[in-house]
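The values are calculated or read from the model by the stated rules, or taken from the named source; none is laboratory data. The structure displayed is predicted, hence computed values, not measured ones. Backbone-built Cβ (ideal geometry, glycine too); neighbour counts: all protein chains shown.
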Amino acid sequence: MTLEELGRAYDSSSKEQQVYFLARLMKELTIMVRSYYSRTPQIVHSDPDSGVGVLNEIQHQAARHVTDVLLQQPDRASGNAIIENLMGWAQHGNLERDLTEALVRAWRLLPL
């Protein structure tokens, strides 16, 4: 598939398919970036002080949760389980406060 074909396919897809595609792309990009912050590709803990590595894993987990919601996975995580999962990763980089602020900002910016 060429990039032009991909662009046309995206334009002709439903909003749900577009959102799923973009969420899946976010997840794929988090996998790609691992080879740029670690001497050992695919190993998140190779540098425990790597804030980039920790944030990348948090993004990866968030993208997984997005796709679970979009695909209406019956065993998808609850809100508290998602937050616990993300905060567990944040602890690896001492990012709990920053992630808490990001979560609160994201919720407050929802168009309700």
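Observations
Rundown of residues vs (1) surrounded by 12 or more Cβ atoms within 10 Å (Cβ to Cβ); (2) at pLDDT 85 or above; (3) under 16 Å from the mean Cα position of the chain (by Cα), yes/no style:
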{"position": "ALA9", "(1), (2), (3)": "yes, yes, no"}
{"position": "SER35", "(1), (2), (3)": "no, no, no"}
{"position": "GLY51", "(1), (2), (3)": "yes, no, yes"}
{"position": "GLU57", "(1), (2), (3)": "yes, yes, yes"}
{"position": "GLN61", "(1), (2), (3)": "yes, yes, yes"}
{"position": "ILE83", "(1), (2), (3)": "yes, yes, yes"}
{"position": "MET87", "(1), (2), (3)": "yes, yes, yes"}
{"position": "PRO111", "(1), (2), (3)": "no, no, no"}
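- Taking the stretch 69-101 as the range and being over 23 Å from GLN17 (Cβ atoms) and not in a helix (DSSP H, G or I) as the test, the residues that pass are SER78, HIS92, GLY93, ASN94, LEU95.
- Set VAL104, VAL66: member being in contact (Cβ under 8 Å) with a residue 40 or more places away in the chain and assigned to a helix (DSSP H, G or I): VAL66
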